[in-house]
């Protein structure tokens, strides 16, 4: 049965759940958890214990529901039978065979599921048995229950490595986090075959957000940080650089560990920025010269350290980084600042830090906004790329003439035909690029794979670098070759906002025209579909020599002779 939550304003996602035990309460729990982060969830819950039938049957309701994301929850005792909870009634060879057979059966089911749906698929690893009749000697048993489950989980993870759509959820780490006593309610289990308690399902739904958020395109790009009592303890303007709390001992360690966690996110490609009411000289003295400062000037893409209100600073940060306010997370120890941002900039996600700094790291680790289901080279280098962009802007301020500024950048372009190794990044660009995007069509990796391998499409990538660094892959063109015709149609033409203002789009279009001429194409058709975010692209086609043919409900249709 498919159900919906009430928030139709939110981003939409369809979630399918399969299981070999009772998980029905997870439907309403998951919808509420999604709603809390602005995601509108439709949920399909497969009939009790019918996970294999739902996967095998081409006409099952699961496939009719067409989910974006499928969760498969399996209980070890139900999957393996008595050999899971009481393995030593069977010979070693028999135990191995049972586990191997279940693994092969599960792999076959997952292959079927992956072939019949474009959804991302998440399966939990099998929970290690808690009790053993051998007690402390369990770990000395050859191919005992725990060893066999560990091997099963390892083989499952290894199998999933080959696909960008299959993921293993670490149920054992989840159990360690909340505790086994919290995970299972034996009374409810005996009554309803519910292997995970209601309180644990609520916690599990929060963990599942790490998969849901990227599928719903709600991932955040940037963390904006306060300084005093956030990155270090104390107010530097009052106690000076030697009086703040920051270091490996006692009261300074929570702030040091917090910075280390932020540095990990920076190295994963999350942009860091500062929004602080402070004396610039005092704050920069700490950032540059404090020996325990983990985050240095080169970790921050933008720094607003002044006495201006934080709402105005936040707007300026978004404008300078050329990202949406809805891509930003604001972290401040002063709750009044957070309330101000919530009131005037509701698109920004505000995190209220705990009162005690010892809980800062736990708070940061609990945020699910930064996970990605696929990571590209550009993702890992994004933080550095924005630092490079800040240097470019400084050069631009020193050059009032655009042409002389561009000449000093010494921009180098690589335009080529996409291959399978480019699929993840190209899909990512189609899903995230908003400002310079003619049609704003969103494509999954499977779609791009089909385009790349099809004779009816041409997929071009653009890579850019200059004196300050490498932008990576920042542009995509998808061209559809019209059958039995000497015409092409531009399906998608998009550039990352980071390379706008450098006239690169015209060079990219010129390359498409040259390719068309080489293939004896007579005419190229193109479309501009307006959205609230793509005005920067609205005049491009005409400026590139295309003629407006007609306009229908604000959509403009163009063509150009080659």
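Quick one: which helices (runs of 4 or more DSSP H) lie wholly within region 125-198 and hold at least 2 residues that are crowded, with 17+ Cβ neighbours inside 10 Å and at pLDDT 90 or above?
Counting at least 2 such residues, we get 145-160, 171-178.
Is region 512-521 home to any residue that is touching a residue at least 24 places away in the same chain (Cβ under 8 Å), farther than 23 Å from residue 449 by Cβ, loosely packed, with under 15 Cβ neighbours inside 10 Å and in contact with a helix residue (DSSP H, G or I) (Cβ under 9 Å, 6 or more places away or on another chain)?
No; the residues of region 512-521 include none that is touching a residue at least 24 places away in the same chain (Cβ under 8 Å), farther than 23 Å from residue 449 by Cβ, loosely packed, with under 15 Cβ neighbours inside 10 Å and in contact with a helix residue (DSSP H, G or I) (Cβ under 9 Å, 6 or more places away or on another chain).
Output the number of the condition that residue 329 fails; it satisfies all remaining conditions of (1) farther than 24 Å from residue 434 by Cβ; (2) assigned to a strand (DSSP E or B).
(1)
Somewhere in region 529-548, is a residue at pLDDT 90 or above, in a strand (DSSP E or B) and not assigned by TED's automatic domain parsing to the domain that holds residue 301?
yes
So which residues in region 219-240 are surrounded by fewer than 16 Cβ atoms within 10 Å (Cβ to Cβ) and on the phi < 0 side of the Ramachandran plot?
Passing the criteria: 235, 237, 238, 239.
Would you say residue 257 is in contact (Cβ under 8 Å) with a residue 60 or more places away in the chain and surrounded by fewer than 20 Cβ atoms within 10 Å (Cβ to Cβ)?
yes
Restricting to region 101-127, count the residues that are touching a helix residue (DSSP H, G or I) at 6+ places or on another chain (Cβ under 9 Å) and free of Cβ contacts under 8 Å to residues at least 24 places away in the same chain.
Of the residues in region 101-127, 1 are touching a helix residue (DSSP H, G or I) at 6+ places or on another chain (Cβ under 9 Å) and free of Cβ contacts under 8 Å to residues at least 24 places away in the same chain.
Among (1) closer than 14 Å to residue 235 by Cα; (2) surrounded by 21 or more Cβ atoms within 10 Å (Cβ to Cβ), where does residue 279 come up short?
Of (1) closer than 14 Å to residue 235 by Cα; (2) surrounded by 21 or more Cβ atoms within 10 Å (Cβ to Cβ), only one is false for residue 279: (2).
Conditions first: (1) part of a loop (DSSP other than H, G, I, E, B); (2) out of contact with any strand residue (DSSP E or B) (no Cβ under 9 Å at 6 or more places or on another chain); (3) at negative phi. Residue 269 passes all but one, so which condition is the exception?
Tallying (1) part of a loop (DSSP other than H, G, I, E, B); (2) out of contact with any strand residue (DSSP E or B) (no Cβ under 9 Å at 6 or more places or on another chain); (3) at negative phi, residue 269 fails exactly one: (3).
Kindly indicate whether any position in region 235-245 is touching a strand residue (DSSP E or B) at 6+ places or on another chain (Cβ under 7 Å), touching a residue at least 12 places away in the same chain (Cβ under 8 Å) and closer than 17 Å to residue 371 by Cβ.
Looking through region 235-245, none of the residues is touching a strand residue (DSSP E or B) at 6+ places or on another chain (Cβ under 7 Å), touching a residue at least 12 places away in the same chain (Cβ under 8 Å) and closer than 17 Å to residue 371 by Cβ.
What are the residues in region 15-26 that are in contact with a strand residue (DSSP E or B) (Cβ under 9 Å, 6 or more places away or on another chain) and surrounded by fewer than 20 Cβ atoms within 10 Å (Cβ to Cβ), if any?
If the condition is that a residue be in contact with a strand residue (DSSP E or B) (Cβ under 9 Å, 6 or more places away or on another chain) and surrounded by fewer than 20 Cβ atoms within 10 Å (Cβ to Cβ), then 21, 24 are the ones that fit.
The values are calculated or read from the model by the stated rules, or taken from the named source; none is laboratory data. This structure is a prediction, so every number in the text was calculated from the model and none was measured. Heads up, the Cβs are rebuilt from the backbone with ideal geometry, glycines too, and the neighbour counts pull from every protein chain shown.
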